[in-house]
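Please read the structure below before turning to the comments.
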Amino acid sequence: MGHSLSVRNLEAWYGSNKTLKGINMEIAPNQVTAIIGPSGCGKSTFVRCINRMHETLPGTKVKGEILLDEESIYDRDPVALRKMVGMVFQKANPFPSMSIYENVVAGLRLNGMKNKQTLHASAEKSLRMAALWDEVKDRLNYSGMSLSGGQQQRLCIARALAVEPSVLLMDEPASALDPIATTHIEELIRQLKENYTILIVTHNMQQAARIADSTAFFLNGELVEHGPTSEIFTNPNDKRTEDYITGRFG
Amino acid sequence: MNDRLRKYRNTMMMGIFIVATLIALIPLFGVLGYVVINGISALDLDFFMNLPKAMGVSGGGMANAIVGTLIMVLIASLIGMPVGILAAIYLTEYDRTSWLSIAVRFATDVLTGIPSIIVGIVIYTAVVLRMGHFSALAGGLALSIIMIPLIIRSTEEMLKLVSQSIREAGYALGISKRIIILRIILPTAAKGIITGAMLAVARVSGETAPLLFTALGNQYWARSLNEPIAALPVQIYQYATSPYAEWHQLAWAGSLVLILMVVILNLIARFAFRSRSN
């Protein structure tokens, strides 16, 4: 099952550049929440704070609180936290030295899981969930890099799912893909929300409208508005949201 | 008219590049050909099996020098590869910007540019004088000091080529940093790291100057690592500067063997580790 997230007064810096200026946001379990906003508004930083990836970069700083099921993520070990909060990146990043199979089970295998049957079952399950199984089942030993861009991205999704997180962060997962691969991935996201809490950063507002239950609009490091997707797109409360979604800026 | 001028200039430019490339090839094949022509006649089984013989006795070889070079290169590799590779991992994965890594980087740059004879003199003063005798250990140590900065720099470059997104993918799966380095980053960069290490080995196996002060050379088999030992480059130097035609022949043969060793190492570095890439 997915978990709820509760973000309180979150501030984040890159060096002296403050990219998040006090975000307060409740994220419901088993829903797809889309984060939209112009480039540089802090969307990516925001999701990278949730699995504590932001702070792995030199010169970064975070203040505030994020609760995962009522428990602060800062009280958890970051490595353990990331097993609960998976992430899919904008650009597919399979491990180049590994086969398709090894990529999918990397999170399990490199954390000490040795049982071959468990690994194999997990690989098949994850690849099926990512709608990639049929395409790769006969060549699991090929390099992950031998796949097409869209397949690589689904491989990365499968890899994230294999760890069985409860929250899945997706940072523009379809921005580098063609429309067909994008459709695959959107379909996948709709199915995944039964078991996961999903946060997806997107530049594509049609995409947000298609898949998200709720949508949050970020601007200049602030959360302008967060509500049910239908409301944000048809009847936004804030003038800036309206300007953005109607294409008047950004 | 303009089109013709542009095409003419393009052709001219390409011609210049081709000429430069050909000029660069002349010394390469010239040296190689000269050594092969002069060396091949003295290269026989005796050369690989026998010790050097006294002047006037025919059939002497350089068996002890070949083995001596292999031993010292092995000692140098046993010290230089782990130190160099592990230091490079520290510099890229743990600490890219502090004063320590900047200092180490500066030192490796300087050290790669330092004439190798200076390394020999330093080891001579620090080790040989203190131990009271020349030795294979001192020679291997001197070679390792030449190797370390080469390996640090090449390994560092290879690790930097591993995309940051690969590291992030590892973190995002809840994998610890140690495992990310050992199981993800190193395998990804392995081919390049090994190639760099092989080239460093090739480079030091031809070093002469540092061995003159440390290993000294030996006409016989060394009985331990603690006494003077023969080395191919040293032997070549001594034979080539002798007044005897027969020794000159052997020096040519030794040069050929040395070149072959370096060529073989290069080939291994290039081909043996190709397989994993697809």
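Assorted remarks:
- Residue under evaluation B:ILE148, criteria (1) modelled with pLDDT under 95; (2) on the phi < 0 side of the Ramachandran plot, criterion not met: (1)
- Residue in region A:64-74 that is away from chain B (no Cβ under 11 Å), over 21 Å from A:GLU194 (Cβ atoms) and part of a loop (DSSP other than H, G, I, E, B) present: yes
- In summary, A:LEU168 fulfils each of the numbered conditions (1) surrounded by 19 or more Cβ atoms within 10 Å (Cβ to Cβ); (2) outside any strand (DSSP E or B); (3) within 14 Å of another protein chain (Cβ to nearest Cβ) with the single exception of condition (2).
- Within region B:250-271, the residues that satisfy the criterion of being of a type outside the set (Val, Ile, Thr) and buried (at least 17 other Cβ atoms within 10 Å of the Cβ) are B:LEU250, B:ALA251, B:TRP252, B:ALA253, B:GLY254, B:SER255, B:LEU256, B:LEU258, B:MET261, B:LEU265, B:ALA269.
- Taking each residue of region A:228-244 that is in a loop (DSSP other than H, G, I, E, B) and looking for partners that are surrounded by 14 or more Cβ atoms within 10 Å (Cβ to Cβ) and β-branched (Val, Ile, Thr) with beta-carbon atoms closer than 6 Å, six or more apart or interchain, yields A:ASP238/A:VAL224.
- Total residues in region B:43-74, condition among the hydrophobic types (A, V, I, L, M, F, W, C), surrounded by 20 or more Cβ atoms within 10 Å (Cβ to Cβ) and assigned to a helix (DSSP H, G or I): 6
- In region A:48-63, the residues that are touching a Cys at 6+ places or on another chain (Cβ under 8 Å) and facing chain B (nearest Cβ under 7 Å): none
- Lone unmet requirement of (1) within 14 Å of chain B (Cβ to nearest Cβ); (2) among the hydroxyl-bearing types (Ser, Thr, Tyr); (3) buried (at least 21 other Cβ atoms within 10 Å of the Cβ) for A:THR33: (1)
- Selection within region A:83-103 - more than 23 Å from A:LYS116 (Cβ to Cβ) and more than 18 Å from the chain's Cα centre (by Cα): A:PRO96
- Here B:ASN218 fulfils each of the conditions (1) buried (at least 22 other Cβ atoms within 10 Å of the Cβ); (2) in a helix (DSSP H, G or I) apart from (2).
- Within region B:95-133, tally of residues that are buried (at least 16 other Cβ atoms within 10 Å of the Cβ), small (Gly, Ala, Ser) and farther than 20 Å from B:ILE85 by Cβ: 2
- Residue within region A:190-203 that is free of Cβ contacts under 8 Å to residues at least 60 places away in the same chain and surrounded by 15 or more Cβ atoms within 10 Å (Cβ to Cβ) present: no
- Every pair of residues 6+ apart whose Cβ atoms lie under 7 Å, when the first sits in region A:81-101 and is on the phi < 0 side of the Ramachandran plot while the second is among the polar types (S, T, N, Q) and surrounded by 24 or more Cβ atoms within 10 Å (Cβ to Cβ): A:LEU81/A:ASN51; A:ARG82/A:ASN51; A:VAL85/A:ASN51; A:MET87/A:ASN51; A:ALA92/A:GLN153; A:PRO94/A:ASN103; A:PHE95/A:ASN103
- Test set (1) among the β-branched types (Val, Ile, Thr); (2) in contact with an Asp or Glu (Cβ under 6 Å, 6 or more places away or on another chain); (3) within 12 Å of chain B (Cβ to nearest Cβ) - A:VAL163 fails condition number: (2)
- Odd one out for A:SER97, checked against (1) surrounded by fewer than 22 Cβ atoms within 10 Å (Cβ to Cβ); (2) of a type in the set (Gly, Ala, Ser); (3) within 12 Å of chain B (Cβ to nearest Cβ): (1)
- Among the residues of this structure, B:LEU159 counts as one that is touching a residue at least 24 places away in the same chain (Cβ under 8 Å), part of a helix (DSSP H, G or I) and under 29 Å from A:ASN51 (Cα atoms).
- Qualifying residue in region B:136-145 (condition: at pLDDT 95 or above and touching a Pro at 6+ places or on another chain (Cβ under 7 Å)): yes
- Residues that are within 16 Å of B:VAL73 (Cα to Cα) and either within 8 Å of chain A (Cβ to nearest Cβ) or not aliphatic (A, V, I, L, M) (or both) within region B:135-187 comprise B:SER135, B:GLY139, B:GLY140, B:SER144, B:PRO149, listed in sequence order.
- Subset of region B:79-103 (residues that are touching a residue at least 12 places away in the same chain (Cβ under 8 Å) and under 13 Å from B:ILE151 (Cα atoms)): B:ILE79, B:GLY80, B:MET81, B:VAL83, B:GLY84, B:ILE85, B:ALA87, B:ALA88, B:ILE89, B:LEU91
- Residues of region B:111-136 that are touching a residue at least 40 places away in the same chain (Cβ under 8 Å) and under 25 Å from B:THR195 (Cα atoms): B:THR112, B:PRO115, B:SER116, B:VAL119.
The values are calculated or read from the model by the stated rules, or taken from the named source; none is laboratory data. All values derive from a computational prediction rather than experimental measurement. Cβ sites come from the backbone with ideal geometry, for glycine too, and all protein chains shown count toward neighbours.
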